[in-house]
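Inspection log for the structure reproduced underneath, given as C-alpha cells.
Every read-out reported here was derived from the displayed coordinates using simple, explicitly stated rules and does not represent laboratory data. What you are looking at is a predicted structure, and each value in this text was computed from that prediction instead of being measured.
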Amino acid sequence: FYTLLGSLLVGSGKVFAFEPLLHNLEYLKQHLALNHIQNVEVLEVAVSDENGAALFEVETTGSMGHLSRGGTVKVQTATLDSLLEQGRILPPNYIKMDIEGAELLALKGAELCIRQYLPQIFLATHGQETHSDCCRLLQGWGYECKVLEFSTDGMGEVVANPKR
C-alpha cells in the first residue's frame, strides 16, 4: 500500500522499496505490475547497519517479521549509505521506515545519507527503548521529532524534520 501511494505522490520521481521476504516480494511485484507502476525499484534486502546476511524471524502469518538472532530465514542486509554510495538508490527526499524493531540499526546505517541529504523521515517505532533511542539519535543529527502516536505497548509513529 505505502509503495503504491509513494509511487503516486512522487510523480516523475522514484520510489525505492526494500523487502527481504520472498512471500512479500512476490506480492509487492504483482501489485506493481497490476497497477502499471513504472517508478518503483524493489530491492531484495533488509535495511540495517551492516552489509551481509542476517537471520530473520518470520511471524506466524508469514507476511511480517524482523531481524533476529533466533530467526529461521537468512536474508541479505544492506545499509542505505552503502546503497547510495554504490549508486543503487538515489539521494532521498523522504524516508518512510517501518521495519519491526530494527529502526535504530537502519538509521545508524544511513547516517551519512541522512546528514548529507536531510530527508524528512516518517518512522514507525517498535518498543519504548527503540522509540527513545531513535528520537535521541535523530535529534543529535539536528532533527526535530514530532510524535504522532505512541501507544501503551510501545508502538510509536514519529515525523522527523531537519532543523533548518
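Report, largest value first, the span of the C-alpha coordinates of the chain along each principal axis, in whole Å.
Taking the Cα atoms of the chain, the three principal extents are 40, 39, 30 Å.
Classify region 64-109 as rounded, prolate or oblate from the Cα gyration tensor: take a ≥ b ≥ c as the square roots of its eigenvalues, call it rounded if a/c is under 1.5, otherwise prolate when a/b beats b/c and oblate if not.
Prolate.
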